[in-house]
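Colleague: Before I ask anything, let me first share the structure, which is written out below as structure tokens.
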Amino acid sequence: MDEKRFLYLAHTWISALGIGVASVAIVLGVGPMLDERNEPTSEPFLMYQGLNSNAATTAALSDGTYRTHSETTIADGTAIGSRLSREEVKKVMELHNKARSDVGVGPLKWSDKLAIYAQEWADHLASARCRMDHRPHSGKWQQKHGENLFMGTAGLYGVEDAVRAWQGERTLYKGGVLTSSNWYSSGHYTQIVWSGTEYVGCARLECNGNIIVVCNYDPPGNVWGQKPY
């Protein structure tokens, strides 16, 4: 396999201020391709949590295959909502909640609705030349939640790697409120540990030899002028 330069990429749009912020790329080394993005927001959106009667069907049929009920639900009976396996969901929750526990923030709950939302966007990205972009702020695909994105070489990276990569930004967060000068280097991490966020749902998709991981959060974090915790 040809080696590619590791790439860390952060891109965001501050909706309340109407400011587009340019991408920042930092070369980290040599190896398989790695790409991450985070989208802060300043407007909270309500998430109606609960079992969606169509969630299991959506997960089972979204990739043209059938999965049993036990394969499309987690231990408490909540539907997964996306193509993630039970083990992947378990690891996603463990990693998110360990990071939150480390800073004294309460655990997140899995949301099948957010997972469906994330899978819809992952599928859309695959149909759009497998590019990694955030949802727009208007139109059919309007963003309504916090969002972390990850892309890496399929077979070398997985969902767990995505969350670990976002967590790795912890050392770059120096404390205090988020501002235009400090959010971009640790925005994935601060969304994970944002104290006001209660739910998370994630999805994955492989295309063009890469894996795309999308996690959505509600209520969204990364609000300028506020502390994560």
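Colleague: Evaluate region 103-113: report whether one residue or more is among the aromatic types (Phe, Trp, Tyr) and either more than 29 Å from Gly168 (Cα to Cα) or modelled with pLDDT of 80 or more (or both).
Modeller: Going through region 103-113, the residues among the aromatic types (Phe, Trp, Tyr) turn out to be 110.
This time we only want the ones that are either more than 29 Å from Gly168 (Cα to Cα) or modelled with pLDDT of 80 or more (or both), so: 110.
Yes; the residues of region 103-113 include at least one that is among the aromatic types (Phe, Trp, Tyr) and either more than 29 Å from Gly168 (Cα to Cα) or modelled with pLDDT of 80 or more (or both).
Colleague: Looking only at region 208-229, which residues are in contact with a Lys or Arg (Cβ under 9 Å, 6 or more places away or on another chain) and open to solvent by 20 Å² or more (accessible area, probe 1.4 Å)?
Modeller: Asn208, Tyr229
Colleague: Find all pairs meeting these conditions: Cβ atoms under 8 angstrom apart; at least six residues apart or on different chains; first residue within region 89-101 and within 13 Å of Val200 (Cβ to Cβ) and at pLDDT 95 or above; second residue among the acidic types (Asp, Glu) and open to solvent by 10 Å² or more (accessible area, probe 1.4 Å).
Modeller: As it stands, the answer is Lys91/Glu160; Val92/Glu160; Leu95/Glu160, since those pairs meet every condition given.
Colleague: Considering only residues that are surrounded by 15 or more Cβ atoms within 10 Å (Cβ to Cβ) and of a type in the set (S, T, N, Q), look in region 95-150 and name the one that is farthest from Asn216 (Cα to Cα).
Modeller: My answer is Asn97.
Colleague: Could you list, in sequence order, the residues of region 78-133 that are hydrophobic (A, V, I, L, M, F, W, C) and on the phi > 0 side of the Ramachandran plot?
Modeller: Cys130, the sole residue that qualifies.
Colleague: If you go through region 166-189 one residue at a time, do you hit one that is in contact with a Leu (Cβ under 9 Å, 6 or more places away or on another chain), charged (D, E, K, R) and open to solvent by 60 Å² or more (accessible area, probe 1.4 Å)?
Modeller: Within region 166-189, not a single residue is in contact with a Leu (Cβ under 9 Å, 6 or more places away or on another chain), charged (D, E, K, R) and open to solvent by 60 Å² or more (accessible area, probe 1.4 Å).
Colleague: Also, quick follow-up: Hey, Thr197 hits all of (1) closer than 26 Å to Cys130 by Cα; (2) in contact with a strand residue (DSSP E or B) (Cβ under 6 Å, 6 or more places away or on another chain) but one; which does it fall short on?
Modeller: Unmet condition: (1).
The values are calculated or read from the model by the stated rules, or taken from the named source; none is laboratory data. This structure is a prediction, so every number in the text was calculated from the model and none was measured. Ideal geometry is used to build each Cβ from the backbone, glycine not excepted, and the neighbour counts take in all protein chains shown. The area values use the complete protein model at the heavy-atom level, side chains included, leaving out ligands, DNA and RNA. Shrake-Rupley method; radii C 1.70, N 1.55, O 1.52, S 1.80 Å.
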